[in-house]
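Chemist: Starting off with a structure, shown below.
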Amino acid sequence: MKTVLMAGHAAAQSAAWRDELVATGHWDVMAPVQSFGAARVLLHRHNPELLISELRLVDGTVLDMIRVLRQGLGYLRTQILVIGRSERDPMLLDALQEGADSFFDPADPKAGTLAERARDTLAGGADIAPWIARHLLDHFEGVSRNLVDNPIDEMINPLALTPDERFLLRQLAVGHRLADIARHDRQTPRALSAKVRTIYRKMQWDLRAGDLSLQRAA
């Protein structure tokens, strides 16, 4: 069974999500925590496969944990699934930019269950909302503009979108769901979900590369 750490500001809700995962028989879920401090101790001690966290905790945010996992405890293998409303909560986008692997919107009737999203995350997939797809298109347009003087650089740049990735984002940006696109294109939803995850990684790597450039310049 996969080990999961659950963190959230509402103890009753976290306990309900824990019960949902445990009921599937596929997850070993630790007792939920409500604080960043407690989560950090358990992450270091148990090195779980998956961290499921709400955006806000009683003493901080999920951004604190993402930074610890991706920088301070970068040797851990833990993947990160954040729980939050996908209706333009800026912290959700911040979490994806910082290094979260995917998100789950409990208010979205088409999002499936938390257990399904957790499985997809560990399999290398990710969810996406139309407004996030539009933000990503804007972000990668900036990457393309920086390479405009040498189109060959864009073709070989690992941080630039491929034509297939750009086409997928455009479909998502106008409101199409991954499942609908997969059915129309005769692909599996998991394959498209994995492609979204790759796009998130490119955004994260590009932002980190920019931060490193600024630090060197300073």
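Chemist: Arrange the peptides 165-174, 72-81 so that the one whose residues have, on average, the most other Cβ atoms within 10 Å appears first.
Modeler: Sorting 165-174, 72-81 by mean packing, highest first, produces 165-174, 72-81.
Chemist: Quote the FRET efficiency, to the nearest 0.05, computed for Lys110 versus Arg186 with a Förster distance R0 of 35 Å and r equal to the Cβ-Cβ distance.
Modeler: Once rounded, the FRET efficiency stands at 0.95.
Chemist: State, to one decimal in nm, how far the label point of Arg45 lies from the label point of Thr198, with both points 7 Å from Cα in the Cβ direction.
Modeler: It is 4.0 nm.
Chemist: Now for a separate question. Considering only DSSP states other than H, G, I, E and B, which GluC sites (Glu not before Pro) in segment 1-87 qualify as loop sites with at most 12 other Cβ atoms within 10 Å?
Modeler: Sparse-neighbourhood loop GluC sites (Glu not before Pro): Glu87.
Chemist: Can I ask one more? I'd like the orientation of helix 36-46 relative to the chain: the angle between its Cα long axis and the longest Cα principal axis, in ° from 0 to 90, rounded to 10.
Modeler: For helix 36-46, the angle is close to 90 degrees.
Chemist: For the chain, what relative contact order do you get, as a whole percent, if you take Cα pairs closer than 8 Å and at least 6 residues apart?
Modeler: 16 percent
Chemist: Can you tell me which of 103-109, 90-96 comes out highest on packing, and rank the rest after it, using the mean Cβ neighbours within 10 Å?
Modeler: Those peptides, ordered most packed to least, come out 90-96, 103-109.
Chemist: Any chance you could run the full-extension gain for Ala16 through Trp205? It's 0.36 nm times the residue separation minus the Cα-Cα distance, nm to one decimal.
Modeler: Using 0.36 nm per residue and subtracting the Cα-Cα distance, I get 64.6 nm.
Chemist: Now for a separate question. Given C-alpha coordinates of the chain, what is the ratio Rg to Rh with the Kirkwood estimate of Rh?
Modeler: Value, to two decimals: 0.98.
Chemist: Taking 0.36 nm per intervening residue step and subtracting the Cα-Cα distance, what contour gain separates Ala123 from Arg88 on full extension?
Modeler: This chain segment gains 10.0 nm when fully extended.
Chemist: Sticking with this structure for a sec: What's the whole-number percent of alpha carbon pairs in segment 2-122 lying beyond 23 angstrom?
Modeler: Here the tail beyond 23 Å accounts for 19 percent of pairs.
Chemist: Around Thr24, under 13 Å between beta carbons, what's the net of Lys plus Arg minus Asp minus Glu among the other residues?
Modeler: Residues near Thr24 contribute 0 overall.
No value in this document is a laboratory result; all are computed from the given coordinates. Fair warning: this is a prediction, and the values are worked out from it, not measured in the lab. Every residue, glycine as well, gets a Cβ built from its backbone with ideal geometry; the counts of neighbours run over all protein chains shown.
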